Each structure stands twice: as structure tokens, then as C-alpha cells.
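These notes are about the structure you will find just below.
The values are calculated or read from the model by the stated rules, or taken from the named source; none is laboratory data. Here the structure is a predicted model, which is why all the values come from computation and not from measurement. Positions of Cβ are backbone-derived with ideal geometry, glycine not excepted, and every protein chain shown enters the neighbour counts. To get the accessible areas, we keep the full protein, side chains included, count just its heavy atoms, and leave off ligands, DNA and RNA. Shrake-Rupley method; radii C 1.70, N 1.55, O 1.52, S 1.80 Å.
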Amino acid sequence: MKISPRKWLGARRALLPALAGFAVALTTAGLSLAKPQPGTGISLPVDASADGHRIDWLIGVTNAITAVLFVAMTAWIFIAAIKHGEKHTAKYDHGTSKRSMFIALGMAGSVFVVVDGNLFVNSTMDLETVYHNFKEAEKDPNSVLIEVNGHQWAWDFRYAGPDGKFNTKDDIVRLNDMRIPVDTPIVIEVASTDVIHSFNLPNMRTKVDAVPGQINKIWFKAKMTGEFDIGCAQHCGTNHYKMKALLTVLSKEEYAKWAKETSAISERAYDEKDESAHWGWDWKDI
Ligand SMILES: [Cu+2]
């Protein structure tokens with residue numbers, strides 16, 4: 001195919017916006033792939049959770065579909081620019097013909113049914129059977145229940161202690177330090193005492209808003225031991241970026257040892273009169 005100089009001019013004019021589009025897409029993709037923790041490589045944070053693969057699948061499929069559409073659309077624009085050159089009277093209708101409506105509805109309908117339908121069904125099933133299935137998680141006699149209180153700018157953690165009741169003398173109470181056993185359901189109720197925060201466990205592929213006057217719930221199971229970040233995913237004031245805690249996943253034996261010792265320490269430090277320290281609540285069945 002011989003391309004006339006006029007057509008090349010048109011193509012060159014299309015090239016700049018196309019390159020700019022690619023640059024923006026690459027930068028965005030690069031930022032989303034930036035490694036948030038050492039040793040994770042260029043990818044999402046290490047998936048340390050038993051059910052994290054469900055979230056990663058959703059992100060992967062969404063990225064793949066978006067990439068295919070992006071390439072198809074930019075290629076279409078570029079080919080049209082080369083083919084039609086600089087001077088070309090556009091031929092178009094207002095989309096009111098039967099043929100146009102048939103094509104538009106057909107394309108939109110098939111994308112909706114095939115893509116959205118698939119993602120919607122999968123996500124709804126995951127929510128029903130896993131993420132919102134608290135009954136199943138709490139049924140495990142070894143499951144660990146934790147109350148989390150977010151405030152500007154730290155996370156408080158409370159475990160019921162040997163008596164199994166919250167807000168009592170033997171509670172384990174920690175600041176910015178959450179420890180859990182591996183391969184065990186961890187059920188967490190989250191509240192806030194000032195503004196809206198968001199309790200974020202990127203390596204466990206879960207997070208939930210911490211809302212004043214409300215108790216929200218999540219659960220997960222860690223599949224590996226190690227230390228992981230806990231963050232706040234809701235801009236909550238000047239020092240939002242400092243609202244960071246550490247999640248330590250221990251072996252079951254190490255966790256049992258830690259819980260026993262820490263409960264005894266917390267019990268010794270218990271002060272009946274310190275009302276602000278008794279921020280816990282009766283565990284809620286949600
Ligand atoms: Cu916050």
C-alpha cells in the first residue's frame with residue numbers, strides 16, 4: 001500500500017495523542033504495580049491469605065479485559081488516521097438507524113452479559129460463601145476474635161483473653177501491634193472513636209471502614225507466617241499517613257505462648273478507674 005504525504009501528515013498528528021495516551025497508561029500501570037514492600041517484586045503485595053487468590057483473580061481479569069479494549073480502541077483510531085489522512089469529510093449518522101441501534105445494543109449487551117455477568121456472578125458467590133460467611137468462620141473453635149478501635153492516628157487491638165469476654169480484666173490490649181496464629185480464622189470487629197478510617201490489610205486482601213457509632217466486620221485466614229503492614233485506607237486527617245500498625249503472623253504454638261504472657265501483663269496493668277482504656281464492646285453477632 002502506498003501512503004501519500006498528506007496521509008502521513010494526518011498519521012503524524014494522530015501519533016502525538018496516541019503516544020501521550022500510551023505514556024499515561026504505562027505510568028498508571030507502573031504505579032499500580034509498584035512494590036509496596038521489600039522482596040515482593042513487581043506485582044501486588046505478597047498474598048498471605050488463604051482466600052486472597054479470589055481478589056487477585058478479579059484484579060487480573062479486569063486488567064486483562066481493560067488492556068484488550070485499550071489496544072483495540074487505540075489501534076482503531078491510529079489505523080483510521082492513516083487511512084483517511086488529513087482532508088477527509090466524515091461520514092456519519094446520528095445512530096438512529098435500525099442497523100446502528102442493532103450494532104450498538106448487540107455490542108453493549110454482549111459485553112454486559114459476558115464480562116459483567118461473569119464478574120458479578122463470581123464476586124457475589126465469593127462474598128456469600130467466603131468473605132461474608134462469618135458463621136462458618138466463628139464456628140471453628142480455634143477462631144480468634146479481635147476488636148479494633150481506630151482513632152487519629154493509631155489502631156488499638158483487643159482480644160477477649162482466657163475468659164472469652166471482651167472489656168474484662170484479662171483482655172489483651174495492644175497499640176499498633178496485632179498478632180495472630182497461622183491457618184486459623186481471624187474474625188475482626190472494627191469501630192472508630194473520632195472520624196472515618198479504613199482498616200486495611202493489603203497482604204490479607206481485605207479492608208473495612210471504621211465508622212464512628214457503627215461496628216463493621218471482616219474475617220480472613222493467614223496462610224503463611226511473617227510480618228505485614230496494616231494501614232489506614234481512608235484519608236483521616238493531618239497524620240493519616242502515620243496510621244500504620246504491624247501484623248505478625250505466628251505459628252499456632254508461638255501465638256498461644258504470646259497470648260498467655262500478654263494477657264497476664266495486660267491484667268497487671270488493668271486500672272478500673274481508667275475509663276478511656278475500656279473502649280471494648282460486647283461481641284456483636286452481625
Ligand atoms: Cu485513619
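Just one of (1) within 13 Å of the ligand (Cβ to nearest atom); (2) open to solvent by less than 90 Å² (accessible area, probe 1.4 Å) fails for residue 207. It is (2). Out of curiosity, is residue 65 surrounded by 14 or more Cβ atoms within 10 Å (Cβ to Cβ) and farther than 30 Å from residue 226 by Cα? Criteria met by residue 65. Restricting attention to region 222-233, the residues that are within 16 Å of the ligand (Cβ to nearest atom) and of a type in the set (D, E, K, R) add up to 1. Specify the residue that is surrounded by the most Cβ atoms within 10 Å (Cβ to Cβ); the eligible residues are those in region 146-178 that are aromatic (Phe, Trp, Tyr) and over 12 Å from residue 282 (Cα atoms). Ranking the qualifying residues of region 146-178, first place goes to 155. From the list 99, 54, the one residue that fits, being open to solvent by 50 Å² or more (accessible area, probe 1.4 Å), part of a helix (DSSP H, G or I) and touching a Phe, Trp or Tyr at 6+ places or on another chain (Cβ under 9 Å), is 54.
Taken as a whole, the condition of being surrounded by fewer than 16 Cβ atoms within 10 Å (Cβ to Cβ), over 27 Å from residue 54 (Cα atoms) and more than 16 Å from the ligand (Cβ to nearest atom) applies to residue 261. Here residue 163 passes the criteria (1) charged (D, E, K, R); (2) assigned by TED's automatic domain parsing to the domain that holds residue 210; (3) in contact (Cβ under 8 Å) with a residue 60 or more places away in the chain except the one numbered (3). Close Cβ contacts (under 8 Å, 6 or more residues apart or on different chains) running from residues in region 192-207 that are touching a residue at least 60 places away in the same chain (Cβ under 8 Å) to residues that are part of a strand (DSSP E or B) and acidic (Asp, Glu) comprise 202/229; 203/229. Here residue 167 clears all of (1) closer than 23 Å to residue 139 by Cα; (2) within 11 Å of the ligand (Cβ to nearest atom) except the condition numbered (2). Condition test on residue 190, is it open to solvent by less than 20 Å² (accessible area, probe 1.4 Å), among the β-branched types (Val, Ile, Thr) and within 16 Å of the ligand (Cβ to nearest atom)? Criteria met by residue 190. Condition (residue is free of Cβ contacts under 8 Å to residues at least 24 places away in the same chain, away from the ligand (no atom under 16 Å from the Cβ), more than 19 Å from residue 141 (Cα to Cα) and polar (S, T, N, Q)) applied to region 234-257: is it met by at least one residue? Checked region 234-257: no residue is free of Cβ contacts under 8 Å to residues at least 24 places away in the same chain, away from the ligand (no atom under 16 Å from the Cβ), more than 19 Å from residue 141 (Cα to Cα) and polar (S, T, N, Q).
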